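A.B. asks: I have a structure here, written as structure tokens, and I will follow up with some questions on it.
The values are calculated or read from the model by the stated rules, or taken from the named source; none is laboratory data. Remember, it's a predicted structure, so these values are computed and weren't measured experimentally. Glycine gets a Cβ as well: all are built from the backbone with ideal geometry, and neighbour counts include every protein chain shown. To get the accessible areas, we keep the full protein, side chains included, count just its heavy atoms, and leave off ligands, DNA and RNA. Shrake-Rupley method; radii C 1.70, N 1.55, O 1.52, S 1.80 Å.
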Amino acid sequence: MARFIRLTVVGILFGALLVACGGGAGGTGGTGGLVIEMGDLYYKPNTLTAKPGQTLQITLDNRGSLEHNFVLYDADGQTVLFEKDAVQPGQKVNISLKAPEKPGTYQYVCTVPGHKEGGMVGTLTVQP
């Protein structure tokens, strides 16, 4: 019985430690924020979800060998809503991005020549 109690206590402490260290799944900007990995011609994750007007705390983590940027367009695909210029290889940059107020699907891309065409594209879905 004493062994069962010890194992239960250890399990509870381990679970609390995981929560405290951020062992949970990534989301759309909780207290620890969201990390978007920028690699050579990809974003990971390449889909985000937010509520209208929600502020997302994002770390852009360039793990590739090339310079990348992050540009969010309005639903029209032409109007720039947010832009973070050059993130160098090995660099991490924190940004604060306010989601559009209007529900819909918005595209974010790397505008370094050839990168969008190579697949460095993601979507931000805003829904109530």
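A.B. asks: Just to be sure, is Gln54 polar (S, T, N, Q) and free of Cβ contacts under 8 Å to residues at least 40 places away in the same chain?
C.D. replies: no
Every residue, every condition in (1) modelled with pLDDT of 95 or more; (2) open to solvent by 10 Å² or more (accessible area, probe 1.4 Å); (3) closer than 17 Å to Thr123 by Cβ, yes or no:
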site	(1), (2), (3)
Gly32	no, yes, no
Asn46	yes, yes, yes
Gly53	yes, yes, no
Ile58	yes, no, yes
Gly64	yes, yes, no
Leu72	yes, no, yes
Asp76	no, yes, yes
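A.B. asks: Let me ask you something else. State yes or no: is His115 open to solvent by less than 40 Å² (accessible area, probe 1.4 Å) and within 23 Å of Gly33 (Cα to Cα)? Reasoning before the result, please.
C.D. replies: Working: open to solvent by less than 40 Å² (accessible area, probe 1.4 Å): yes; within 23 Å of Gly33 (Cα to Cα): no.
Against the criterion (open to solvent by less than 40 Å² (accessible area, probe 1.4 Å) and within 23 Å of Gly33 (Cα to Cα)), His115 does not qualify.
A.B. asks: Looking at region 97-105, can you tell me whether even one residue there is of a type in the set (S, T, N, Q), assigned to a strand (DSSP E or B) and within 15 Å of the chain's Cα centre (by Cα)?
C.D. replies: So in region 97-105, the residues of a type in the set (S, T, N, Q) come out as 105.
Still in the list and also assigned to a strand (DSSP E or B): 105.
Filter once more, so that each one left must be within 15 Å of the chain's Cα centre (by Cα): none.
Checked region 97-105: no residue is of a type in the set (S, T, N, Q), assigned to a strand (DSSP E or B) and within 15 Å of the chain's Cα centre (by Cα).
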